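*Asks:* To start, I am sharing the structure in question, which I have written as structure tokens.
The values are calculated or read from the model by the stated rules, or taken from the named source; none is laboratory data. What you are looking at is a predicted structure, and each value in this text was computed from that prediction instead of being measured. Note that each Cβ is placed from the backbone with ideal geometry, even for glycine, and that neighbours are counted across all protein chains shown. Only protein heavy atoms, including side chains, enter the accessible area calculation; ligands, DNA and RNA are left aside. Shrake-Rupley method; radii C 1.70, N 1.55, O 1.52, S 1.80 Å.
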Amino acid sequence: MAQTVTEKIVQAHSVDLTPGHEVRAGDMVTVRPFHVMTHDNTGAVIPKFKEIGATRMADPSQPVFTLDHNVQDTSEANLKKYRAIEDFAAEHSVVFHPAGAGIGHQLMIENGFVHPGALVVASDSHSNTYGGLSALGTPVVRTDAAALWAGGTTWWQVPRTVKVILEGEPKPGVSGKDIIITLCGLYNSGEVLNAAIEFHGEGIQYLSIPERLTIANMTTEWGALVGWFPFDGATAAYLRQRAAVLAERGLSARLSESDIKDWEAEPPCADEGAEYATEIRLDLGAVTPHVCGPDSVGVMESVTSISRKKIKVHKAYLLSCTNARLEDLAEAAEVLDGNSVTEGVELYVAAASAEIQEQAEAQGIWGELIEAGAIPLPPGCGACIGLGIGLLESGEVGISATNRNFKGRMGARDAKAYLGSPAVVAASAIAGHITGPDRFKEKQLEYRCEDLGWKPAARTVEIKEGFPSSLEGRALLLPTDNLNTDGIYGKDVTYRDDLDPEEMATYAMLNYDPAFQEIASDGDVIVAGRNFGTGSSREQAATALKFRGIRMVIAASFSQTYLRNAFNNAFICIESPDLSAALMAAHEAEVEAGTKTIASDSIAVNFKTATAKWRDQDFALSPVGPAAQELLLAGGLEALTRQRLGL
């Protein structure tokens, strides 16, 4: 059968597949990524690696370490942490990029670690960026990173694929940032949540590689797990330029002309007839400069409209892995040429890498920015992640070329952050209020999204020895979407290390519904709505339910981070939108009455057929395949890695 590009790339990086098995959306498979990047969180992965019992890297060429998040912190504690990471890298012969070299994702791209058709992961949510170079980039959590260091493999559940067709040619002055802000704001009802996005259409030819990287980067905020662009002449030209730089540094083995010719001869692509869940179309010619915010990427407004409101700006930011490449700095410098940052506004600028800053300096771009009044910062994440100088203070408003504007992320919780292109950031810094190019007329954007009716194909699942073919338990309906990790396991106990499993169990769901503890029984099966487990990456939100005796969670969909934490701790999570909808419909009166935890009838789960029976109705489930079963039988990813290493 035909496969999407995500399915094909995962197939190529899978290990231990049953002979003849074709990877499909919904499959959970064991994968061996091309590379795994960790940044400042390397310091948190190291003890996990040691807890596994590993003493050496399975493949020292697979990990890449980059220090980029907290580079402005020169305290002895942070410098000690950084030295420990550097020493660990040297001990295990891992490529190490020190503080000041740049942002991890940019360093991965510049230094030949991202190849078209490769699976490249990082312990960072913006790993989607690698899709701009036709790689399958996707995030993993810290436990995955430790397992990859020790054993070279981890697991991944293949998401459904959404085809996004970019039509037409953007007008001059419309950037890649305007395009992704438009996509996030126009299609903001979960259309791409937890999906892999494949970009198609003639409009791609008009997008530079930096613009594609910007768009792929912010598919994370759009809700997707992958944002993939096809390989074309622009990709090949960019890679040739990088290959030449690497050759000068004696690193041609990372990226060579031979590699590029191979991709030109056989570019990674989807099969004709591949099945997509949804199709979205956007006419690039209809896109005008937009900003999004405050507090959400899903709320957008045209620059023409918001300019009239004259929203005062206190700080402006040109930095991050989204929009701090040479093209972005040049775009801002062009706007600032002959102008200066107005009094009362602070404009902060940090290049995505030291190499980019050097190029900007050589071309006079950096000097133009500084002369106009920009405040330079070292290459790194800085204010985007809420670290270092220049954070938003109480009551302030910021306009930023970064990727996230969640409340409190860039400073005080009562500050307001808006996102825009480098041109909008520069224009706003000059004017003192949010503004930008004023030559565009407002145009109504057309919503064009078609649900293609895709459902996972029914397939018999191989059951490994020792894994049950079926389980049964009382359904416990939690009738809500976006049940977050704070509701599941509160922040007040998240950082307490003095609680044993029995004590942790008593805090499960207290923030969501205090009555949960009285209603829940050992062996219950939670059924919930969409995006279960959204929010932070706390593992206890999964383990507390397991300790409470919950057998599994069946939800319409899951936060990918929650899903990874659950299976990494041997806790079953299965998707079934139809089962979730059926229980909510059957208990409509209780739901409308505000009941948050509803005991229902028994659910019988058949792992072999990937189905569940409830009230004599059968419902399709996402399959718990051999890779997932192996993980569950071993007791989680760390235990499985130890088992594979014979420890």
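*Asks:* Identify, among Ala77, His314, Trp366, the residue whose Cα sits farthest towards the positive end of the charge dipole of the chain, taking +1 on the Cβ of Lys and Arg and -1 on the Cβ of Asp and Glu, with the dipole about the Cα centre.
*Replies:* Most positive-ward Cα: Ala77.
*Asks:* Step through the residues of region 606-618 one at a time and calculate ³J(HN,Hα) from phi using the Karplus curve (6.51 cos²θ - 1.76 cosθ + 1.60, θ = phi - 60°), rounding each to whole Hz and writing x for Gly and Pro.
*Replies:* 10, 6, 5, 9, 6, 9, 10, 10, 9, 6, 6, 10, 9
*Asks:* Nothing charged except the Cβ atoms of Lys and Arg (+1) and of Asp and Glu (-1): what's the magnitude of the dipole of region 99-185 about its Cα centre? Round to the nearest 20 debye.
*Replies:* Value, rounded to 20: 160 debye.
*Asks:* How much mean residue ellipticity at 222 nm does the chain get from its helices, if each DSSP H run of length 4 or more adds -39500 (n - 2.57) and you divide by all residues, to the nearest 500 deg cm²/dmol?
*Replies:* Taking each H run of at least 4 residues, the total per residue is -9000 deg cm²/dmol.
*Asks:* May I ask you to evaluate 6.51 cos²θ - 1.76 cosθ + 1.60, the Karplus curve with θ = phi - 60°, for each residue of region 300-315 and list the ³J(HN,Hα) values in order in whole Hz, giving x for glycine and proline?
*Replies:* 10, 8, 5, 4, 4, 6, 6, 4, 5, 7, 6, 6, 4, 10, 9, 9
*Asks:* When DSSP assigns beta bridges and you keep just the ones with both residues in the chain, what percent turn out antiparallel, to the nearest 5?
*Replies:* Here the antiparallel bridges make up roughly 35 percent for the chain.
*Asks:* Considering only C-alpha atoms, what is the centroid distance from region 500-566 to region 405-428, in Å?
*Replies:* A separation of 34 Å, based on Cα centres.
*Asks:* Running Debye on region 28-171 with equal point scatterers at the Cα sites and no solvent, what base-10 log of I(q)/I(0) appears at q = 0.15 Å⁻¹?
*Replies:* Calculated log10 I(q)/I(0) at the listed q: -0.74.
*Asks:* Please list the non-local residues whose amide H lies under 5 Å from the amide H of Ser602, H modeled 1.01 Å from N, same-chain partners needing a gap of 5 or more.
*Replies:* Here the answer is Ala475, since their amide H atoms fall under 5 Å of that of Ser602.
*Asks:* Here is a further query. Report the extension gain between Gln363 and Thr18 in nm, rounded to one decimal, defined as 0.36 nm multiplied by the number of residues separating them, less their alpha carbon distance.
*Replies:* Stretched out fully, the Gln363 to Thr18 stretch lengthens by 118.7 nm.
*Asks:* Between Val245 and Lys50, what is 0.36 nm times their sequence separation minus the Cα-Cα distance? Round to one decimal in nm.
*Replies:* 66.6 nm
*Asks:* How much of the DSSP beta bridge set in region 508-585 is antiparallel, as a percent to the nearest 5?
*Replies:* If we restrict to bridges inside region 508-585, about 0 percent are antiparallel.
*Asks:* Calculate the dipole size of the chain relative to its Cα centre from +1 charges on Lys and Arg beta carbons and -1 charges on Asp and Glu beta carbons; express the result in debye to the nearest 20.
*Replies:* 460
*Asks:* Work out Dmax and Rg for region 363-418 from the C-alpha atoms and quote the Rg first, both in angstrom.
*Replies:* 12.5, 39
*Asks:* If you don't mind, there's one more thing I want to ask. Name the long-range amide H neighbours of Ala570: under 5 Å, sequence gap of 5 or more, or other chain; modelled H, no Pro or chain starts.
*Replies:* Gly636, Leu637
*Asks:* Shifting gears a bit: Taking Cα pairs under 8 Å and at least six residues apart, what relative contact order does region 307-445 come out at, in percent? Present the calculation step by step, with values, prior to reporting the outcome.
*Replies:* Values: 306 pairs, mean separation 46.0, N = 139.
Over region 307-445, the number comes to 33 percent.
*Asks:* Would you grab the residues whose amide H sits under 5 Å from the one on Tyr418? Only those 5+ places off in sequence or on another chain, please, with H modelled 1.01 Å from N.
*Replies:* Residues meeting the amide H criterion: Gly398, Ile399, Ser400.
*Asks:* Run the 1.4 Å probe and let me know the accessible area of Glu257, rounded to the nearest 10 Å².
*Replies:* 80
*Asks:* By a straight-distance test (C-alpha under 15 Å), which aspartates and glutamates pair with Lys596 as possible cross-link partners, with residues fewer than eight away in the same chain excluded?
*Replies:* Cross-link targets: Asp481, Asp513, Glu518, Glu588.
*Asks:* So if I place +1 on the C-beta of Lys and Arg and -1 on the C-beta of Asp and Glu, and nothing else carries charge, what would the dipole magnitude of region 171-268 be about its Cα centre? I want it in debye, nearest 20.
*Replies:* Using Cβ point charges on Lys, Arg, Asp and Glu, region 171-268 gives about 340 debye.
*Asks:* Can I ask one more? log10 I(q)/I(0), Debye, Cα-only region 236-353, no solvent, q = 0.17, 0.18, 0.19 Å⁻¹?
*Replies:* Treating every Cα as an identical point scatterer, log10 I(q)/I(0) equals -1.11, -1.14, -1.18.
*Asks:* Explain nothing, just the number: relative contact order of the chain, from Cα pairs under 8 Å at least 6 residues apart, as a whole percent.
*Replies:* Relative contact order of the chain: 14 percent.
*Asks:* Let me ask another. Just going by the charge dipole of the chain, with Lys and Arg at +1 and Asp and Glu at -1 on Cβ, which of Phe231, Gly102, Ser305 is farthest out on the positive end?
*Replies:* Gly102
*Asks:* Next question. Calculate the length of the line joining the C-alpha centroid of region 1-74 to that of region 222-249, in whole Å.
*Replies:* Using only Cα atoms to place each centre, the spacing works out to 20 Å.
*Asks:* Using the Karplus equation 6.51 cos²θ - 1.76 cosθ + 1.60 (θ = phi - 60°), what ³J(HN,Hα) coupling, rounded to whole Hz, does each residue of region 565-571 give in order, writing x for Gly and Pro?
*Replies:* 4, 5, 5, 4, 10, 6, 10
*Asks:* OK, next. Quick one: if you take sqrt(5λ) for each eigenvalue of the C-alpha gyration tensor of region 496-647, what semi-axes come out, biggest first, whole angstrom?
*Replies:* For region 496-647, the semi-axes come out at 26, 21, 13 Å.
*Asks:* Give the ranking of Arg24, Arg413 by solvent-accessible surface, highest area first, calculated with a 1.4 Å probe. Can you show the working numbers first?
*Replies:* On the way: Arg24 35, Arg413 155 Å².
So the residues, ranked largest to smallest area, are Arg413, Arg24.
*Asks:* Turning to a different aspect of this structure: Assuming a ≥ b ≥ c are the square roots of the Cα gyration tensor eigenvalues, decide whether region 176-281 counts as rounded (a/c under 1.5), prolate (otherwise, with a/b larger than b/c) or oblate.
*Replies:* Details: a/c = 2.42, a/b = 1.78, b/c = 1.36.
Because a/c hits 1.5 or more and a/b exceeds b/c, region 176-281 counts as prolate.
*Asks:* Also: Let me check I've understood the local charge: for Lys315, count other residues with C-beta under 10 angstrom from its C-beta, Lys and Arg +1, Asp and Glu -1. What total comes out?
*Replies:* Surrounding charge for Lys315 is -3.
*Asks:* With every protein chain left in place, what is the accessible area of Arg32 in Å² (1.4 Å probe, nearest 10)?
*Replies:* Looks like 110 Å² after rounding.
*Asks:* Could you sort Glu638, Glu334, Glu327 by their accessible area in this structure, using a 1.4 Å probe and putting the largest first?
*Replies:* Glu334, Glu327, Glu638
*Asks:* Another question about this same structure. Counting Lys +1, Arg +1, Asp -1, Glu -1, what net charge surrounds Glu442 among other residues with beta carbon under 11 Å of its beta carbon?
*Replies:* Working: positive: Arg308, Lys441, Lys443; negative: Glu301.
Net charge in that neighbourhood comes out at +2.
*Asks:* Using the alpha carbons of the chain, what is the convex hull volume per residue in cubic angstrom, as a whole number?
*Replies:* 160
*Asks:* In addition: Work out, step by step, the length gained on full extension between Arg644 and Lys608: first 0.36 nm times the residue separation, then minus their alpha carbon distance; give nm to one decimal. Before the final figure, lay out each step's value.
*Replies:* Details: separation 36, 0.36 × 36 = 12.96 nm, distance 2.50 nm.
Value of the extension gain: 10.5 nm.
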